[in-house]
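Some notes on the structure that comes next.
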Amino acid sequence: MGPHTSADADLAILLGDRVVTDPSIAASYAADAYPQAAALDGTEFTVVRARTRQDVEATLRYAASHRIPLVPQGARTSTTGAACALPGAILLSTELMTSIEIDPVERIAVVGPGVINTDLKAAAAEHGLAYPPDPASASMCSIGGNIATNAGGLCCVKYGVTADYVRGLEVVLPGGEFMRTGRRTAKGVAGYDLTGLFVGSEGTLGVVTEAVLRLVPLGDPALTVLAVFPTLEGTLGGIAALRSTRHTPSLVELLDGPSIAAIQAYGDYGFPQDAGGVLLVQSDRPGHAAEDVQGYAALLTSAGATDVAVADDPTEADLLLEGRRALNPALKVRGPRFIEDVCVPVGRLGELVSAVHEIAARHGLEATCSGHAGDGNLHPCFFYDETDPASLAAAERAFDELVRASWELGGTLTGEHGVGQQKAPWLAEELGPAELARQRAVKALFDPLGIMNPGRVYN
Ligand SMILES: Cc1cc2nc3c(=O)[nH]c(=O)nc-3n(C[C@H](O)[C@H](O)[C@H](O)COP(=O)(O)OP(=O)(O)OC[C@H]3O[C@@H](n4cnc5c(N)ncnc54)[C@H](O)[C@@H]3O)c2cc1C
C-alpha cells in the first residue's frame, strides 16, 4: 500500500519502512488508554516507528522544517490523552528501541525507551538486581513513557517513583539536535538538573532515545496481607495504623466498597460483597517479610479489620493481589468514567475519600475510590451515562470539584499519570502565575515552534 499523506511520502524517502503506510496499521496508533480520546482514522496522521536515534533525529528535523506537530509515543497506556493522535501530526513511536544493557558492578541499566517495564525487571533480576518502579501497567508500558510521565505505581510507598532511578538521558531535541544529560555515576552535580527536567515532561521538550537507570539489590519475594473492613472509615483507620510501623510496607493499596463490587461483578475474586473497604499490604524486607506481614496483620486487626488473610509464601501472596489486578479491567467494563489521579498528604486521605463520595452523591453519580493509599495517591472514578448529556456534564463538574477538594487538602491534581490533555485546563491554577511563566519559558526554550505534543500539559 502506498503513502496516504504528503508527509508520509517525504518521510518514506528519508526513513523507508520506518514510516507506516498502511492506514489500518496506522490506525492502531491513534488511541492511548484515555477513555475520552478522540477517535481518528489512520489517514489523519503519519506514524513513524523509529529503530535508532538517527531515525528520531531525521523525524524531528523533518517535523521542525515543515512545522508539523509531533507526538512521541511509547506503549500508549497513558490515561490522560498524552500519547493519542492529533490530526495532521507525526506520531513518533519508540516502541522498537528495546536494547537493554545491565552493568552489575555500577548497578545501572542502559536501555532504549521502548523497553517494557517488566522486561527490564526480568533482565535486572538475572543479575540479582531490581528496577523498582512498578506502575499497575508494568507489563504493558515502556520505560520512555515511564520517564516522560515520572510514573509511580504500587511500590512507591517504599521505593519512590521513576525520577528516583533516572541518572542520565540521551534525548533528541526539536529540530533534531541530540543531547546527553546527567551521568552514569552514583553522584554528580555538574550544572542544572536537565535530566530531572525531562522526567515528567510528557513529550513536550524532546524525545528520549536512551536512559541510564539506577538498579538496587533484589528484595525478597513480597508477602501479602489482605484485610477486610466493615466500614470505609475503619479501612482508613487501618492506613493510619500502618504509619506507626518502623518497617515501611512495600505496598499499601486501598479498594473501597464500590471498587470491590465492580471487581466481584467482573469475576469472583473472593471479596465479601458487603465490605466497606479492603487494604492490601506487602513486605519484601530481606529476611523479615514474614515477620513484617504478621505485624501488619496485628495492626490492622486492632484497627478493626474483621477478616485478615496473611500469605506467607510468595505464590499465595501473589494470588491475594489477583483482585487488585482485576480492578482496571473491571472498571473499564463497569462503564464510561472520568479517572482522577489526585494525591494528598497521607494524613488527609480520609477527607479525600469523603469528598469523593460526597461529590458523587450530590451530582447523582456513582463513584469508586481506590489506589495507592500508602502515598495518598488515589484514582477515584466518576461514572456517567454517555447517552445522557446531563450525566456527562455532572461527571465533568464532579471531576473539577474533586481537583479543587484535593488542592484544599494540600494536594495536587496528578500524583503519577501526568497532566496530558485531560488535566491541561487545571494546570495554570495549580502552578500559579509565577511558576507557570517560568515553565512556559522553559518550554519555549526547547520547543520554540511549539510543535512537541501541543495541547498536552500546556494549553
Ligand atoms: C491499566 C493501567 C494501569 C496504570 N497504572 C499506573 C500506575 O500504577 N502508575 C502510573 O504512574 N501510571 C499508571 N498508568 C498510566 C501509564 O501506564 C503510565 O503513564 C506509563 O508511564 C505510560 O507509559 P507508555 O509507554 O504507555 O507511554 P505513552 O502512553 O505512550 O506516553 C505517555 C507520555 O510519554 C511520552 N513519551 C512516550 N515515550 C517517549 C519518549 N521516548 N520520549 C519522550 N516522551 C515520550 C508521550 O508523549 C506521552 O506524553 C496505568 C495505565 C493503565 C492503562
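The values are calculated or read from the model by the stated rules, or taken from the named source; none is laboratory data. This one's a predicted model, so the numbers in the text were calculated from it and none came from an experiment. Backbone-built Cβ (ideal geometry, glycine too); neighbour counts: all protein chains shown. Accessible surface areas use protein heavy atoms only, side chains included; no ligands, DNA or RNA. Shrake-Rupley method; radii C 1.70, N 1.55, O 1.52, S 1.80 Å.
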Q: For the stretch 161-190, enumerate the residues that are among the small types (Gly, Ala, Ser) and within 12 Å of the ligand (Cβ to nearest atom).
A: Ala163
Q) Taking the condition within 16 Å of the ligand (Cβ to nearest atom) and either of a type in the set (A, V, I, L, M, F, W, C) or surrounded by fewer than 18 Cβ atoms within 10 Å (Cβ to Cβ) (or both), does Val199 pass? A) yes
Q. Thr412: within 16 Å of the ligand (Cβ to nearest atom) and within 28 Å of Thr195 (Cα to Cα), yes or no?
A. yes
Q. Picking from Ala241, Ala265, which residue would you name as being more than 26 Å from the chain's Cα centre (by Cα), open to solvent by 10 Å² or more (accessible area, probe 1.4 Å), away from the ligand (no atom under 16 Å from the Cβ) and among the hydrophobic types (A, V, I, L, M, F, W, C)?
A. Ala241
Q) Which one is farthest from the ligand (Cβ to nearest atom) among residues in the stretch 38-67 that are surrounded by 21 or more Cβ atoms within 10 Å (Cβ to Cβ) and assigned to a loop (DSSP other than H, G, I, E, B)? A) Phe45
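From the list Gly350, Gly374, which residue is under 26 Å from Gln282 (Cα atoms), within 16 Å of the ligand (Cβ to nearest atom), in a helix (DSSP H, G or I) and not polar (S, T, N, Q)?
It is Gly374.
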**Q.** Exclusive hit being open to solvent by less than 30 Å² (accessible area, probe 1.4 Å) and in contact with a Gly (Cβ under 7 Å, 6 or more places away or on another chain), set Leu255, Leu213, Leu223, Leu218
**A.** Leu255
Q. Quick one: how many residues across the stretch 111-137 are of a type in the set (A, V, I, L, M), under 26 Å from Val56 (Cα atoms) and open to solvent by 10 Å² or more (accessible area, probe 1.4 Å)?
A. 2
Q) Asp193 versus (1) more than 10 Å from the ligand (Cβ to nearest atom); (2) of a type outside the set (A, V, I, L, M, F, W, C); (3) touching a residue at least 40 places away in the same chain (Cβ under 8 Å): which is the lone unmet condition? A) (3)
